[in-house]
Amino acid sequence: MTDNSPAPKRRNIFRYILTGIVLAFLSILLLSLIITFFYGKEVENYVVQKINSRLAIKVSVREINFSLLKSFPYASLEFSNVMAGDAQTSAKNSDTLLYAGELNLKFNVLNVFRKNISIRKIEMRDGFIRMKVNEDGTDNFHLLKKNNDSATTEFVIHLRQILLKNVRYKYSNKKEKLLVSADIDKVMLSGKFSDEQFSLTAESGLLMNKLISGNEEFISDRQMNISLTADVNTSSRNFNITQGKIKTGKMVFDVNGKTTSTEGGSKYNFTVKTNQSRLEEFSSLLPASVTRHFENLKYDGEAFFGIAVSGTTGAESKSEIKATFKITGGKISHKKNLRPLENIHAAGNYSYVKADGKTITSVSVSEFKAVLNGKPVTADFRIDDFKNPFLSLSASADVNLETLREFLPLDTLASLTGNAAINISYAGNISDATSAEASLNKKIKASGTLSIRDMGFSLKNNPLQFTAINGNFVFSDNAMEAKSFTGKISETDFNMTGKIENLVPFLLLPHQPADIDASLRSHTVNLDELLERGSNASNDTTYKLRFSPGLTCIMNVDIDKLNFRKFKAENINGTLKLHNKVLSSDALSFSSMRGKVNMSGAIDATRHDSLLMSCNAKIKGLDIHELFYEVENFRQQTLTDKNLRGTTDVEMDFASKWSSS
């Protein structure tokens, strides 16, 4: 019986195929060794000669190797330790343009025999590239000679791929004041680079160390992955990104845009946007000039972001950045506090324009809505010109003050209770508010109302208790009018109405003036509690009386009872004036020491070590015993209240110097 099975035939066929592959491989290997041995040096010298004939810069190479196997089916010419000087050989600041630990040029194997070599791929590893443009517009990266009569079709560069690995890249443009610095892990560029028009594909992973335009740092130490496709026209110098993506952290951006050539320069317009990202990630992309205003805050929530970069280069250069953002479900809190501002919804814009040597910046937030402990907060604000910030603000809130203290870093407060409702609009340069010469600054524009209900607070290291504080205030430009303002400071009660000029700068900033025109009604004033003591001892007679040098005050007073140590006064009426640290009154009347006093006087606190006091007084029915008792015997023991009785009418002029020693 004969076996007609096809299996032996198939085994024979496989054997022939395998033998053929092995023979082909051995033939290629043998051919490669022969070519490398007999033609390697010739190819090396030929390629180097042709490259040098086209380069306008000096290049040094430590070693050159020719190989047919490492990059098969391409032949490769491997250069090690390549050093290329920049194109500004005569310039004082000339430097190394390029260094590569390894540089490979790849071309078709068959073209080696024809001496018709066409470079298809370039690979660069372990090096750096330093490109720069000087203030006069000259650059250091024009590598090829402008006129190349020696160029022939025997050696051409028909690039299809450029690969960079582990390369430090820096681009410095002093004319446009632009700096880009990056550590490239891998960049792959693909396209028919020698064609006049071609499609470019790019894939890269890099660490963007710095992106600086003008004095603004837009990116710092960001790991980025970039992929894009673009249409390139080398003759018209047009570049159009049709599709691109940038990934940094957890954020993914869609990129598109183009550059077009213009007479004497170029015009560019690019857009970058992301559909969704975390607020903390988004805020990290903002320039330092913006983020420093919010550096003590922490964020959470969803953010939507888009940016448009446009401008022109050349004689009339201009750069412009427009960014838009939207926040939903956000949360913001101060790093020192636990109570957050929740459920934040807002939309905003950032603008940066540089033209004619001037930079214009702004940031705005509109439709800001949030919740603080269940109560709504709304606001709109805008800051123009970060160098001389102009703030426009509109805000409305009804807040629990204890909750507000948990949100804001008020380190001087030991406790805070009550409620406040505010509705305010403000516009003005921050520098106007901080100007020491801001003579009751008229440039600030503000309007709105403030209502305080049942507020109470205490200060750290201060025994005074501020309670039952209620008030209604109206803001008008740089003034605040108190329609009503009542409360208690420990035992002292007050009911005030009046107007204060420049209050907010006076409270928040040093060396600021303030002007008060008010009326005070009080049942009890306890100066023992209100005046700051120099010692905790109960019998200490040292008090510190300080007046702010910028405070000017005119106050009509109506006080039922005033206590100061042993001194007692009732039915106090008159007008007190404070100017240049001198407290005075032209007509002050009160009942004391069982008599009636009408007086004028002044307390001069301009000296650091002493007080100057003077007065003119007319006193009727003065009880001499009470006089010596209440003024503590004028601090002498020769003639005391124990030895004196009777009443008298007195008209006197008095002057004294009180020192701390």
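The values are calculated or read from the model by the stated rules, or taken from the named source; none is laboratory data. These numbers were taken from a predicted model, which means no experiment stands behind them. Neighbour counts run over all protein chains shown; Cβ positions are idealised from the backbone, glycine included. The area values use the complete protein model at the heavy-atom level, side chains included, leaving out ligands, DNA and RNA. Shrake-Rupley method; radii C 1.70, N 1.55, O 1.52, S 1.80 Å.
Which one of the conditions (1) in contact with a strand residue (DSSP E or B) (Cβ under 6 Å, 6 or more places away or on another chain); (2) within 23 Å of Leu530 (Cβ to Cβ) does Asp653 fail to meet, given that it meets all the rest?
It fails just one condition, (2).
Regarding the range 146-166, can at least one residue be identified that is under 25 Å from Thr96 (Cβ atoms), open to solvent by 40 Å² or more (accessible area, probe 1.4 Å), modelled with pLDDT of 85 or more and among the charged types (D, E, K, R)?
Yes, that holds for at least one residue.
Please pick out the residue among Thr575, Thr542 that is modelled with pLDDT of 90 or more, under 30 Å from Gln512 (Cβ atoms), surrounded by fewer than 16 Cβ atoms within 10 Å (Cβ to Cβ) and among the β-branched types (Val, Ile, Thr).
When all the criteria are applied, what remains is Thr575.
Looking for whichever is open to solvent by 40 Å² or more (accessible area, probe 1.4 Å), modelled with pLDDT of 75 or more and closer than 26 Å to Met496 by Cβ here; the options are Asn598, Asn563. Which one fits?
It is Asn598.
If I ask for residues that are open to solvent by less than 50 Å² (accessible area, probe 1.4 Å) and either more than 29 Å from Ser235 (Cβ to Cβ) or within 25 Å of the chain's Cα centre (by Cα) (or both), which ones from the range 172-206 would you list?
Of everything in the range 172-206, those that are open to solvent by less than 50 Å² (accessible area, probe 1.4 Å) and either more than 29 Å from Ser235 (Cβ to Cβ) or within 25 Å of the chain's Cα centre (by Cα) (or both) turn out to be Ser172, Asn173, Glu176, Leu179, Val180, Ser181, Ala182, Gly205, Leu206.
Please verify whether Lys132 is within 38 Å of the chain's Cα centre (by Cα) and modelled with pLDDT of 75 or more, treating the condition exactly as stated.
Yes.
Select from the range 650-661 the residues that are out of contact with any Leu (no Cβ under 6 Å at 6 or more places or on another chain), at pLDDT 80 or above and either exposed (fewer than 10 other Cβ atoms within 10 Å of the Cβ) or β-branched (Val, Ile, Thr) (or both) and list them in ascending order.
Answer for the range 650-661, where residues must be out of contact with any Leu (no Cβ under 6 Å at 6 or more places or on another chain), at pLDDT 80 or above and either exposed (fewer than 10 other Cβ atoms within 10 Å of the Cβ) or β-branched (Val, Ile, Thr) (or both): just Asp653.
Please enumerate the residues belonging to the range 278-309 that are assigned to a strand (DSSP E or B) and over 24 Å from Gly357 (Cα atoms).
Arg278, Leu297, Lys298, Tyr299, Asp300, Gly301, Glu302, Ala303, Phe304, Phe305, Gly306
Based on what the data block shows, is Ala427 modelled with pLDDT of 90 or more, on the phi < 0 side of the Ramachandran plot and among the aliphatic types (A, V, I, L, M)?
no
Quick one: in the range 444-473, which of the residues that are among the aliphatic types (A, V, I, L, M) and part of a strand (DSSP E or B) is farthest from the chain's Cα centre (by Cα)?
Only one residue tops the list, namely Ala468.
Scanning the range 442-496 for residues that are of a type in the set (Gly, Ala, Ser) and closer than 14 Å to Ala421 by Cβ, which turns out surrounded by the fewest Cβ atoms within 10 Å (Cβ to Cβ)?
Ser451
From the list Val252, Val272, exactly one residue is in contact with a Phe, Trp or Tyr (Cβ under 8 Å, 6 or more places away or on another chain) and touching a residue at least 12 places away in the same chain (Cβ under 8 Å). Which is it?
Being in contact with a Phe, Trp or Tyr (Cβ under 8 Å, 6 or more places away or on another chain) and touching a residue at least 12 places away in the same chain (Cβ under 8 Å) holds for just one of Val252, Val272, which is Val272.
Say whether the condition of being touching a Leu at 6+ places or on another chain (Cβ under 7 Å) and within 27 Å of Asn388 (Cα to Cα) is met by at least one residue in the range 311-320.
Within the range 311-320 (the criterion being touching a Leu at 6+ places or on another chain (Cβ under 7 Å) and within 27 Å of Asn388 (Cα to Cα)), the answer is no, since none of the residues qualifies.
Could you grab me the full set of residues in the range 622-649 that are surrounded by 14 or more Cβ atoms within 10 Å (Cβ to Cβ) and assigned to a strand (DSSP E or B)?
The answer is Leu622, Asp623, Thr647.
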